[in-house]
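A short worksheet on the structure shown next.
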Amino acid sequence: MHVPSLIEKKRDGQALAEEEIHALIRAFTLGELPDYQMSALAMAVYFQGMTASETAALTHAMLHSGIVLSWPAGSPPRVDKHSTGGIGDKTSLVLAPLLACDGLWVPMISGRGLGITGGTLDKLESIPGFRTRLEEKEIHRVVSDVGCVMVGQTEGLCPADKKLYALRDVTATVPSIPLITASIMGKKLAEGLDRLVLDVKHGTGAFMRTKEQARALADSMVAVGTALGVRCAVRINAMSEPTGRAAGNALEVAECAECLQGRGPADLEDIVLDLAGAVSDTPRATHGQRLRDGSAWRKFQQMTAAQGGDISVLEKITKVHAAPVIIEVPAPASGIVRRMDAGTIGRAVLALGAGRSRASDPVDFAVGVDRIVKTGESVTAGAPLLRVHARTPAAAEAAMRTILEGVEIR
Ligand code: URA
């Protein structure tokens, strides 16, 4: 393989052959292709894009750069969802146990929060004892005993993505649809899935700002999933306000505990039921019933216990992680709430310490916002718009100022 010729080929807008892509990713994973050549290739892809078959080949190469979970013949269908993330997006914690109630297997591998978007693993780790780093053998055991598991990416899973993402992060090549597709789908398909639903958000609180960008990413991911034999569905939605009424790690776990018992905010339950319907053939009403009759809640408790979490504190998680300062943000006017901007709330929650600016930053489980008034609801001047949970009065005041910049009441 003559790497400069392959970089040149992509730079000049030609398509790489499947075997060329495989050879490049294999060499990169083994450390035989230097970072400077891979960075140049990523930049060429950024400018020239990739065809659908190149993107599928890249995803296949990434997925097979490490272990791929395999499941015994005759096991239930393996399903999962990927969300491109958003503010207060806690759907995974409700969806995984709900799908397990349906007899499906959900080997969910999730990520940590970065920037304004929170991460499933951070939320779960606010539950004392909850282990998100499981060996492959344990993942299999929990899935076959409970039906679902929620863990982080193991060392051996998609190592090419780990290396390539780190390079993209420092070479301004993250926002490339073929590279994002291969990165996301490589990791998801390494779970050995049969079906996948993609929850793609757009708006101020999302990775993709416009609906067109979200559609383009969704189409690319569905094309790759289908080419690689996985039944894919997609849900494209605006993330203009936070999902549910809470954003922050323990605060979101508390909201999930409510939703898992049929008492969650309507928008959160709606998204969960949409996503469940996309990978399961069971009627929506049955999924809804499983939230109300305690089945999904029991399944979540079983999974938590199987992963070492203390289930006795699940319903008092905000007492385990209690922020010392809690303030109510008063509505500046009376009327209907027209805007409760997700991006602005995301920035405030990040500054409170609930998220991380760099991958190595710690997160504070206790801080965030809750009791958020939803758009379309009416408020009177001075009544609470939401609560801020902070470490210090100064941090709470700063969050309040930021949040009010994104509020419109008319
Ligand atoms: N998330 C990923 O896992 N990869 C990307 O490239 C972008 C978002």
From zero outward in steps of 20 Å, how is the percent of C-alpha pairs of the chain spread across the bins?
27, 56, 17, 0
Given Cβ point charges of +1 (Lys, Arg) and -1 (Asp, Glu) and nothing else, what value in debye, to the nearest 20, does the dipole of the stretch 3-63 about its Cα centre take?
100 debye
Cα gyration tensor shape for the stretch 185-256, rounded if a/c is under 1.5, else prolate or oblate
oblate
Cβ under 9 Å from Ala61's Cβ, Ala61 left aside: what net charge do those residues give with Lys, Arg +1 and Asp, Glu -1?
0
For the stretch 79-314, the dipole about the Cα centre with charges only on Cβ (Lys and Arg +1, Asp and Glu -1), to the nearest 20 debye, works out at 220 debye
How would you order 349-355, 154-160, 309-315 from highest to lowest mean count of nearby Cβ atoms within 10 Å?
349-355, 154-160, 309-315
Positive-end extreme of charge dipole, the chain - chosen from Gln301, Leu6, Gly186 (charges on Cβ):
Gln301
If you place +1 on the Cβ of every Lys and Arg and -1 on the Cβ of every Asp and Glu, how big does the dipole about the Cα centre of the stretch 118-195 come out, in debye to the nearest 20?
140 debye
Between helix 249-259 and the chain, what is the angle of the helix's C-alpha long axis to the longest principal axis, kept within 0 to 90° and rounded to the nearest 10?
80 degrees
Shape of the stretch 322-409, Cα gyration tensor, a/c cut at 1.5
prolate
For Glu212 and Glu8 in the same chain, what is the full-extension length gain: residue separation times 0.36 nm, less their Cα-Cα distance, in nm?
70.5 nm
Highest GNM mean-square fluctuation, the chain, Cα pairs closer than 10 Å: which of Ala96, Ala17, Ala276?
Ala17
Rounded to the nearest 10 degrees, the helix 266-279 long axis (Cα) sits at an angle to the longest Cα principal axis of the chain of 30 degrees
Mind scanning Lys81/Lys316; Lys9/Lys187; Lys10/Lys81; Lys201/Lys316; Lys299/Lys319; Lys162/Lys188 and naming the pairs with a C-alpha gap bigger than 21 Å?
Lys81/Lys316; Lys9/Lys187; Lys10/Lys81; Lys201/Lys316; Lys299/Lys319
For n ≥ 4 DSSP H runs only, could you compute -39500 (n - 2.57) per run for the chain, divide by its residues and tell me the 222 nm figure to the nearest 500?
-14000 deg cm²/dmol
Can you bin the stretch 3-63 into rounded, prolate or oblate? Criterion: square roots of the alpha carbon gyration tensor eigenvalues sorted a ≥ b ≥ c, rounded for a/c under 1.5, prolate for a/b above b/c, oblate for the rest.
oblate
Taking Cα atoms only, helix 18-29 is inclined relative to the longest principal axis of the chain by an angle, in degrees rounded to 10, of 70 degrees
Among Asn249, Ile409, Cys158, the residue whose Cα sits farthest towards the positive end of the charge dipole of the chain (+1 at Cβ of Lys and Arg, -1 at Cβ of Asp and Glu, taken about the Cα centre) is Ile409
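We did not get these values from a lab; they are worked out from the coordinates using the rules stated. Computed from a predicted model, the values in this text were never measured in an experiment. Cβ coordinates were reconstructed from backbone atoms using ideal geometry, including for glycine residues, and neighbour counts include every protein chain displayed.
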